[in-house]
1. In segment B:41-73, what count of residues is obtained for those that are touching a residue at least 12 places away in the same chain (Cβ under 8 Å), buried (at least 17 other Cβ atoms within 10 Å of the Cβ) and in a loop (DSSP other than H, G, I, E, B)?
2. Which one is farthest from the other protein chains (Cβ to nearest Cβ) among residues in segment A:5-35 that are of a type in the set (Ser, Thr, Tyr) and outside any strand (DSSP E or B)?
3. Run down B:Lys97, B:Lys3 and say which single residue is among the basic types (Lys, Arg) and out of contact with any Phe, Trp or Tyr (no Cβ under 7 Å at 6 or more places or on another chain).
4. Just checking: which of the strands (runs of 3 or more DSSP E) contained wholly in segment A:36-114 hold 3 or more residues that are more than 11 Å from chain B (Cβ to nearest Cβ), in contact with a Cys (Cβ under 9 Å, 6 or more places away or on another chain) and without any contact (Cβ under 8 Å) to a residue 24 or more places away in the chain?
5. Got at least one residue in segment B:67-86 being at the interface with chain A (Cβ under 10 Å from one of its Cβ atoms) and among the aromatic types (Phe, Trp, Tyr)?
Amino acid sequence: KAGVTQTPRYLIKTRGQQVTLSCSPISGHRSVSWYQQTPGQGLQFLFEYFSETQRNKGNFPGRFSGRQFSNSRSEMNVSTLELGDSALYLCASSYRGSGDSPLHFGNGTRLTVT
Amino acid sequence: DAKTTQPTSMDCAEGRAANLPCNHSTISGNEYVYWYRQIHSQGPQYIIHGLKNNETNEMASLIITEDRKSSTLILPHATLRDTAVYYCIVDGTGGFKTIFGAGTRLFVKA
């Protein structure tokens, strides 16, 4: 079974631009979560989608948004990029999105904002 | 804040068992204990999880105390490739808002 696929793998953007990252979950998984990882803050939860609905949201500004499509694929968008948005963005899928359902992570998109 | 407490780092000799402890004293009845690991520049990898009983799979064993306030991940025969950051987290039902702490950096030495 194919794992979680994130594209692109690397991205370089300029301050003020916007960016869209893509995540294809494991087939059959309905929950997709997004995380930001930086050396200073570690892994931080952004949001989680289940059956096209955002169920949980972390403490990030409104510049960070996401969506999930009917095939469970998900995108996240960051508008008006800031230098501090440079990070590894990780997507994880889960079968049920509930307690007895492990997260399966992709290898992330490394975003550099200059 | 993370609901778990783990040592910052640990060393283990190659071929020996690595025992990674985790405290989760505020765990509630419907929360599972999960272990993940992250090797540099890769996404975290799921290892094992459990609710009350001890669990074993091809990668590791998970020992949960009877009061569920702590657990231990056991890698029975550590190899150099097991060098990674290991995260212990607790999570319940109703959708994930998983909070990762700093984890334990395990160094496996030859």
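All of the numbers you see were taken from the coordinates with simple rules; none came from a lab. Please read all numbers here as calculations on a predicted model, not as lab measurements. Using ideal geometry, Cβ is built from the backbone for each residue, glycine included, and neighbour counts are taken over all protein chains shown.
1. Count: 3.
2. A:Thr14
3. Going through B:Lys97, B:Lys3 in turn, the sole match is B:Lys3.
4. Those strands (runs of 3 or more DSSP E) do not exist here; none qualify.
5. The answer is no; no qualifying residue exists.
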